[in-house]
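Some notes on the structure that comes next.
Coordinate-derived values only; no laboratory data. These figures come from a predicted structure and were not determined experimentally. Because the Cβ atoms are built from the backbone with ideal geometry, glycine has one as well, and the counts that use them run over all protein chains shown.
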Amino acid sequence: MKQAFPFLIVIAVLWSCQKEYLGGDVVVPIIKDTTCKTCTYFPSCDSSRYTYSDTTTTAAPATRIDTVFFKKDTIIKGLPFRKVFLTGRKQISYINCTGGDTRQVVTDTIKIATFSAANVDLILLKSNLPVGGTWSDTVNLTSGQTAIFKNKIVAKSIARTINLITYPDVIQTQTDISIALPIIGLTTVAISKTYFAKNVGIIETDITNVITSQLIIHSVLLSSFVP
């Protein structure tokens, strides 16, 4: 089963003949495409590379390297999407970025927090909303239950230091994930906090199980490369 913490990086279309050496025998093209940075807090440049440290309650920190590759342009529900491949997770995703809204569609069965879902359609960020602004999404789980994602802009234009790097312009969001539990009814079961840095992307994600108070995952950016 593929896993998505629920955010992916997107990529753009134009190729150049310049190359960057990544180590070993891996060489990827560097793309010069200014339009791929239309989403200021979620750059979408082809061949972008992000190295994260992922920590859970059951395992030691693990390094994850995500390099993204553009596959093709497509239309979903009348909107233009980019089909991308994320090497670290071996996952196909469809990304749309319009008016400051970053939207992700994943057709594979994936894991989000503690749940499994397929055909996921989420708005990851509404960067034009003010602090306190909210939006919500509904996800049908493979268990037959429905999950409600309630999102909120917690802070804007804040500085945050990750791995000794200070990012001066960051948007913090919080997502409360709720499902209907027997007898109890609709209950918040997980909370996700995410930090988006301007011209970089996601620099930190923290997901906690509200029922057990246990950490599901804490992911921090170690390094990044955006063409």
Highest mean packing first, using Cβ neighbours within 10 angstrom, the peptides 210-220, 195-205 sort as 195-205, 210-220
Can you list the residues, at least 5 places off or on another chain, whose amide H is less than 5 Å from the amide H of Y167, using H built in the peptide plane? R160, T161, I162
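Could you work out the equivalent-ellipsoid semi-axes for region 96-227, taking the square root of 5 times each eigenvalue of the Cα gyration tensor, largest first, in whole Å? Walk me through the numbers before you get to the answer.
Working: eigenvalues 138, 54, 44 Å².
So the equivalent ellipsoid measures 26, 16, 15 Å along its semi-axes.
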Can you tell me the relative contact order of region 101-216? Whole percent, Cα pairs under 8 Å, sequence separation 6 or more. 16
What nm distance separates the two modelled labels at K150 and F85, each placed 7 Å from Cα along Cα→Cβ? 4.0
Holding the Cα-Cα limit at 23 Å, pick out from K90/K150; K37/K126; K72/K156; K77/K126; K71/K198 the pairs that are longer than that. K90/K150; K72/K156; K71/K198
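Can you tell me the order of 126-132, 163-169 when each peptide is scored by its average per-residue count of other Cβ atoms within 10 angstrom, highest first? Let's see the in-between values first.
Values: 126-132: 13.9, 163-169: 12.3.
Ranked from most to least packed, the peptides come out as 126-132, 163-169.
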Within a Cβ distance under 13 Å of F196, other residues only, what is the Lys/Arg minus Asp/Glu net charge? +2
